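Peer 1: Here it is, the structure, as structure tokens.
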Amino acid sequence: MEPSRDTHATLVDLLDRILDKGLVINADIIISVAGIPLIGVNLRAALAGMETMLKYGVMQAWDEKSRAWEREYRKKNVPSLVEGEEIVLKMYGSYYYSKGIYNAWRPGYFYLTNKRLILYRQDFDEITFQMPLEEIKALVIREEAHFVKEKKKQVLYLIDKQDRVYRLSAVETNQLKDTIVQNLTASGLSLEKSPVLPEFEEGPIDFLIEGEEVTHRGEKVWYLVPASGIQQETWRPGHLYLTNKRLCWWYDFERKLVFDVPVNRIVSVNTEMRKLSGLDSKREKVLDVAYKFNSTKAIASFSGGRQVDEWVEALNRTIYGKIDEETETCPQCGGLAPAKELLEQGCSSCGWVSHRLKNKINKSALLAE
């Protein structure tokens, strides 16, 4: 074959040639300095796609070895199955792990077999979640707020025979649910038709202290989490609770109380229409709660659509209807006490008294002498 020159050839043409037919490079290179040959290179190279290489018997041993290793690796990276167990569906997903102090979504692969549902983490060779099919009582899909405000994700709530609730999420949550139902039907098992899904709020109930009762609560409420370190302030979804003692916001994703302030520290409640994030986001009503923080005033911002007006009414009713007198913070110990009592009698906790009260006491002592 005679070599040819094509001045219009592109990089795509070169790659196509390499992958289809292949190239053979045969070159003798001599490197000279000041006319004196110093280094000689004799180059013989073949460039081609793997399919072409294998067609001509090149690198065949390497290919067979690589394929054998991959087959063995795949065999090892599946959960151990019991006798008679067969895999029906494999799908990437996650399980919400909420035991101990570590609460988070744990990713892995769901393996649905004719006997159980498993979440297997291949990298750790660990079964994070498993449930025998006969123990499944009900399945419910709900849309939940994603940690990105504009997005939603589907969560599969699995209820077992002991009424324990498990939260699962998958690439195709509906397909996972439908396949489980089909598997149960094939095994002669059935699900509860109209399950009552308990509120998944084991965390929020735990924050109540003795004598504290929830007086107002709503659905999803977004809170503008303040900036911290390199993290900018961001809107995050959760639940807002007003009790007879505090205003609290529960962060769903981390399952913990992130914001709480005593109601006697709340100064005012206002609303404002503004954009929440991004240039293209629409304006929404935002609830701003001003409260005393140490010796300054801080503002917490919440957004909850139509709920905002209800929260304004509930907060105003609590602030002005249940707090009879203004409270103030003691400058010395930081304890709360009625402002009038602090000015006229001092702090009963640490003994602090104002300069005005000291002067008054000193004058009274001089007059008595």
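The values are calculated or read from the model by the stated rules, or taken from the named source; none is laboratory data. What you see is a predicted model; the values in this text were computed from it and never measured. Here the Cβ positions follow ideal geometry from the backbone for every residue, glycine too, while neighbour counts run over all protein chains shown.
Peer 1: Of all residues being among the hydrophobic types (A, V, I, L, M, F, W, C) and in a helix (DSSP H, G or I) in segment 58-73, which is modelled with the lowest pLDDT? Just the residue, please. Spell out how you get there, then give the answer.
Peer 2: Looking only at segment 58-73, we keep the residues that are among the hydrophobic types (A, V, I, L, M, F, W, C), and these are 58-59, 61-62, 68-69.
Among the residues that remain, those that are also in a helix (DSSP H, G or I) are: 61-62, 68-69.
Numbers: Ala61: 79, Trp62: 77, Ala68: 75, Trp69: 68.
If we take residues in segment 58-73 being among the hydrophobic types (A, V, I, L, M, F, W, C) and in a helix (DSSP H, G or I), then Trp69 is modelled with the lowest pLDDT.
Peer 1: Please report, ordered by residue number, the strands (runs of 3 or more DSSP E) entirely within segment 247-319 with at least 3 residues that are more than 20 Å from Ile209 (Cβ to Cβ) and either without any contact (Cβ under 8 Å) to a residue 60 or more places away in the chain or touching a helix residue (DSSP H, G or I) at 6+ places or on another chain (Cβ under 9 Å) (or both).
Peer 2: 266-275, 283-293, 296-303
Peer 1: Looking at Gln162, Gln175, Gln182, which one is out of contact with any Ser or Thr (no Cβ under 8 Å at 6 or more places or on another chain), outside any helix (DSSP H, G or I), of a type outside the set (Lys, Arg) and surrounded by fewer than 16 Cβ atoms within 10 Å (Cβ to Cβ)?
Peer 2: Just a single option satisfies the conditions, and that option is Gln162.
Condition check ((1) surrounded by 17 or more Cβ atoms within 10 Å (Cβ to Cβ); (2) outside any strand (DSSP E or B); (3) not acidic (Asp, Glu)) across all residues:
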position	(1), (2), (3)
Gly84	no, yes, yes
Val88	no, no, yes
Trp105	no, no, yes
Tyr111	yes, no, yes
Leu119	yes, no, yes
Thr128	no, no, yes
Ala138	yes, no, yes
